[in-house]
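A.B. asks: The structure that follows is given in the form of structure tokens.
The values are calculated or read from the model by the stated rules, or taken from the named source; none is laboratory data. Not measured: the values here are computed from a predicted model. Backbone-built Cβ (ideal geometry, glycine too); neighbour counts: all protein chains shown.
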Amino acid sequence: MKLWEKILNKIGFMVLTLILIALINTSLFVGNYEISFEEYLMFLKQLLGLESNLSVEKYEMLQSVIFEIRLPRIIAAVIIGATLSVSGAAFQAMFVNPLVSPGILGVLSGASFGAALGMVLGWSWFFINLSTFIFGMMAVLLALSISFIYSSAKNMIILVLGGIISSSLFSALLSIVKYTADPYNALPAITYWLMGSLSFSTSSMVWNLSIPMLCGILILLFFSKYLNALSLGDEEAKALGVDTFKVKIIVIVVATFISALSVILAGIIGWIGLIIPHIARLLFGADNKIILPISALLGAIFLLIVDNASRIILSFEIPIGIVTAIIGIPIFIMVLKNAKRGF
Amino acid sequence: MKLIEAKNISFSYQDKPILHNVDFELYQGDVLSLVGQNGCGKTTLLKILLGIYKSTGSVKLLSKEITKYSRKELAKLISYVPQTHQIPFDYTVFDVVLMGRLAHIGLFSNYSLYDKNIAIKCLEKVGILHLKDNIYSQISGGERQLAFIARALTQESKIIFMDEPVTGLDYGNQLKLLKFLKELCVEGYTFVKTTHYPDHALYASNKVMMLKDGKVLDVGDINTKLTTHNIKELYDVDVEIISRKNGYKYCIPTL
């Protein structure tokens, strides 16, 4: 570790947290309804009970724009970016495989099938959540069992192929659901939502789902020291005192659960879970105790920037999943350069 | 004091028998060398005694069945130095060594300054403190082996299992490592190590266990059991065992 890396490690958290806070604040100004900086300051003052010269109508207008429309969307971007990146980093360490992510392992496809199925059949909110999680879980287990049949899960490529097979299966099942969906209402909604878009996350959804997602992220952070040991291989982790079976089950269930919730909020947003942990490792070394929280911050920042960009650059809104793929693919190709010397 | 007592261990891997009715005993202060051909079950035996593989028969550690221990409790009693291998992530040497403290910290705590100081002391002890911040996968094989030994010491268990600790090291480093292990014995550690070199067994251990085709060929005091006859049985080569005045014995092939 070079000196600048040490310094980076020390101030990295702080700098990234500050960037995130700054971004959250600036993101409040992005959108069709223009808010000036003075108005924003006034609004904050009045919110804190201080005196300001905003009219009541203006204040209520700002309140609804900020709290009902923009803040939920910003929180959704932050929490989804963090969730997918942390899950990706956890999966990569646990499977000793830098090529996996919630997307690659089929979690996102499985979860989207589960959610679409629930929507088309008109299930209640609770059961849609449940089926999203269950099918996400089934997709990972399918990918894992395929890799177990042909090798003892040690071969990196076999696990990736298992994930691709599992993803394809659930995409096919999803197509069946779409095919039977009402082409005037349900079909466009499902299609657009699956492209990955934050515009579907209503404020009540965001508030309800972000708490379990945040808890999941925290659980994974507590397990990061065990992930370090697991990434040396199962037997070595056991000899170091890790109950590998228990830790793996918890990490798979939690990472799958929070990734599945992100699908309910915003559909399939691919590539983040794969590339963000790589960027984090490129900057901060391999220690998962550092990489997991850094991935959370980087993922949140990345998705927030992408969401703002997708609204500012064009006059219409592009689904964010498409943008993350377009930006993510070249980044991943660059990161692959490291594959030769290990990650 | 008897630390480990295993009786009637049999183990098969995918219907292929590896170990057959093996008994094993380990006393405090022993340095036991496990010798035998490739694939005779040395590493498997180590992993069974570590509780990583489950076998038939019974393995008792401090008179208690090994299956009754949690992984954490086991890690505090036995540490394991595996054969060096590639890690696909860029951990620093310090990261790797610090993992030896994993069994000593709780779910919600992190490595404390105390843990870090132990890791630093152990790095110093094996003589690679200067490599602390290097990337583990980029140091040499011998240095990696030393890092693993430092990790085992960091674990603060008094029993240490080593799987072919000198494999991959150059001639000089092999001997330095053996000398170092001998020094550690004086500090109250108990060792079990697998080795391919009768010379190394003679130099650094007091007991030997010879495995052939998954069965115990012979076991006991190194001087009486590691004989030309047994080595011929084990490897089908003729050797001569020479005693020097300094008390050490050497094994030389008669080609």
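A.B. asks: From the list A:Ile250, A:Ile190, A:Ile211, A:Ile219, exactly one residue is out of contact with any Cys (no Cβ under 8 Å at 6 or more places or on another chain), more than 26 Å from A:Ala296 (Cα to Cα) and among the β-branched types (Val, Ile, Thr). Which is it?
C.D. replies: The match here is A:Ile190.
A.B. asks: So which helices (runs of 4 or more DSSP H) stay within the range A:165-282 end to end and still have 1 or more residues that are in contact with a helix residue (DSSP H, G or I) (Cβ under 9 Å, 6 or more places away or on another chain) and within 14 Å of chain B (Cβ to nearest Cβ)?
C.D. replies: Once the helices (runs of 4 or more DSSP H) in the range A:165-282 are filtered for at least 1 residues that are in contact with a helix residue (DSSP H, G or I) (Cβ under 9 Å, 6 or more places away or on another chain) and within 14 Å of chain B (Cβ to nearest Cβ), what remains is A:203-222, A:224-230, A:234-239, A:244-266.
A.B. asks: Considering every residue within the range B:58-73, establish whether at least one is within 16 Å of B:Phe148 (Cα to Cα), assigned to a helix (DSSP H, G or I) and within 14 Å of chain A (Cβ to nearest Cβ).
C.D. replies: no
A.B. asks: Let me ask another. Taking the condition of being modelled with pLDDT of 90 or more and of a type outside the set (A, V, I, L, M, F, W, C), how many residues in the range A:144-177 meet it?
C.D. replies: Matching residues across the range A:144-177 total 8.
A.B. asks: I'd like to verify a number: residues in the range A:287-324 that are of a type in the set (Gly, Ala, Ser) and modelled with pLDDT of 90 or more, how many?
C.D. replies: Final tally of qualifying residues: 4.
A.B. asks: Another one. Looking at the structure I just gave you, is B:Ser55 farther than 23 Å from B:Ser205 by Cβ, touching a strand residue (DSSP E or B) at 6+ places or on another chain (Cβ under 7 Å) and touching a residue at least 12 places away in the same chain (Cβ under 8 Å)?
C.D. replies: Yes; evaluated as a whole, the condition is true for this residue.
A.B. asks: Something else: Step by step: first the residues of the range B:101-115, then only those that are more than 7 Å from chain A (Cβ to nearest Cβ) and surrounded by 15 or more Cβ atoms within 10 Å (Cβ to Cβ), then the one that is farthest from A:Arg281 (Cα to Cα). Which residue is that?
C.D. replies: Selected residue: B:His104.
A.B. asks: Go through the range A:301-321 and report how many residues are out of contact with any Gly (no Cβ under 7 Å at 6 or more places or on another chain) and either outside any helix (DSSP H, G or I) or over 17 Å from A:Ala76 (Cα atoms) (or both).
C.D. replies: 7
A.B. asks: Related question: From A:Gly118, A:Gly136, grab the single residue that is in contact with a Ser or Thr (Cβ under 6 Å, 6 or more places away or on another chain), in contact (Cβ under 8 Å) with a residue 12 or more places away in the chain and more than 26 Å from A:Ile276 (Cβ to Cβ).
C.D. replies: When all the criteria are applied, what remains is A:Gly118.
A.B. asks: Next up: When you scan the range B:149-255 for strands (runs of 3 or more DSSP E) that lie fully inside it, which ones turn up with 1 or more residues that are touching a residue at least 12 places away in the same chain (Cβ under 8 Å) and more than 25 Å from A:Ala239 (Cα to Cα)?
C.D. replies: B:207-212, B:215-221, B:239-243, B:249-253
A.B. asks: Output the residues belonging to the range B:31-52 that are touching a strand residue (DSSP E or B) at 6+ places or on another chain (Cβ under 7 Å) and β-branched (Val, Ile, Thr).
C.D. replies: Listed by number, the residues that qualify are B:Val31, B:Val35, B:Thr43, B:Thr44, B:Ile48.
A.B. asks: Just to be sure before I move on: is B:Thr84 of a type outside the set (A, V, I, L, M), in contact with a helix residue (DSSP H, G or I) (Cβ under 6 Å, 6 or more places away or on another chain) and at pLDDT below 95 in the structure I sent?
C.D. replies: Yes: the conditions hold for B:Thr84.
A.B. asks: Determine which member of the set A:Ile290, A:Ile318, A:Ile313 is at negative phi, surrounded by fewer than 23 Cβ atoms within 10 Å (Cβ to Cβ) and within 14 Å of another protein chain (Cβ to nearest Cβ).
C.D. replies: Matching residue, one of A:Ile290, A:Ile318, A:Ile313: A:Ile290.
A.B. asks: Can you tell me which residue among A:Ser295, A:Ser224 is surrounded by 24 or more Cβ atoms within 10 Å (Cβ to Cβ), in contact (Cβ under 8 Å) with a residue 24 or more places away in the chain and among the hydroxyl-bearing types (Ser, Thr, Tyr)?
C.D. replies: Only one candidate passes the filter, namely A:Ser295.
A.B. asks: Please go through (1) surrounded by 13 or more Cβ atoms within 10 Å (Cβ to Cβ); (2) polar (S, T, N, Q); (3) not in a helix (DSSP H, G or I) for A:Asn53 and return the number of the only condition it doesn't satisfy.
C.D. replies: (1)
A.B. asks: Could you go through the range A:36-45 and let me know if any residue there is away from chain B (no Cβ under 14 Å), farther than 27 Å from A:Ile320 by Cβ, among the small types (Gly, Ala, Ser) and not in a helix (DSSP H, G or I).
C.D. replies: No, the range A:36-45 contains no residue that is away from chain B (no Cβ under 14 Å), farther than 27 Å from A:Ile320 by Cβ, among the small types (Gly, Ala, Ser) and not in a helix (DSSP H, G or I).
A.B. asks: Here's something else I'd like to know. Name the residue that is nearest to the other protein chains (Cβ to nearest Cβ), counting only residues in the range B:117-166 that are touching a Cys at 6+ places or on another chain (Cβ under 8 Å) and closer than 28 Å to B:Lys2 by Cβ.
C.D. replies: Out of the qualifying residues, it is B:Arg151.
This table checks each residue for (1) modelled with pLDDT of 90 or more; (2) among the aliphatic types (A, V, I, L, M); (3) closer than 22 Å to B:Gly41 by Cβ.
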{"position": "B:Ser205", "(1), (2), (3)": "yes, no, yes"}
{"position": "B:Asp218", "(1), (2), (3)": "yes, no, yes"}
{"position": "B:Thr228", "(1), (2), (3)": "yes, no, no"}
{"position": "B:Asp238", "(1), (2), (3)": "yes, no, no"}
{"position": "B:Lys249", "(1), (2), (3)": "no, no, no"}
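A.B. asks: Sort out which residues of the range B:181-209 are among the aromatic types (Phe, Trp, Tyr), out of contact with any Ser or Thr (no Cβ under 8 Å at 6 or more places or on another chain) and buried (at least 18 other Cβ atoms within 10 Å of the Cβ), and write them in order of number.
C.D. replies: Matches in the range B:181-209: B:Tyr189, B:Tyr203.
A.B. asks: Another one. Pick from B:Gly142, B:Gly100: which is of a type outside the set (A, V, I, L, M, F, W, C), part of a helix (DSSP H, G or I), closer than 23 Å to B:Lys193 by Cα and in contact with a Gly (Cβ under 8 Å, 6 or more places away or on another chain)?
C.D. replies: The match here is B:Gly142.
A.B. asks: Shifting gears a bit: Could you pull out the residue among A:Ala77, A:Ala139 that is modelled with pLDDT of 90 or more and touching an Asp or Glu at 6+ places or on another chain (Cβ under 6 Å)?
C.D. replies: A:Ala77
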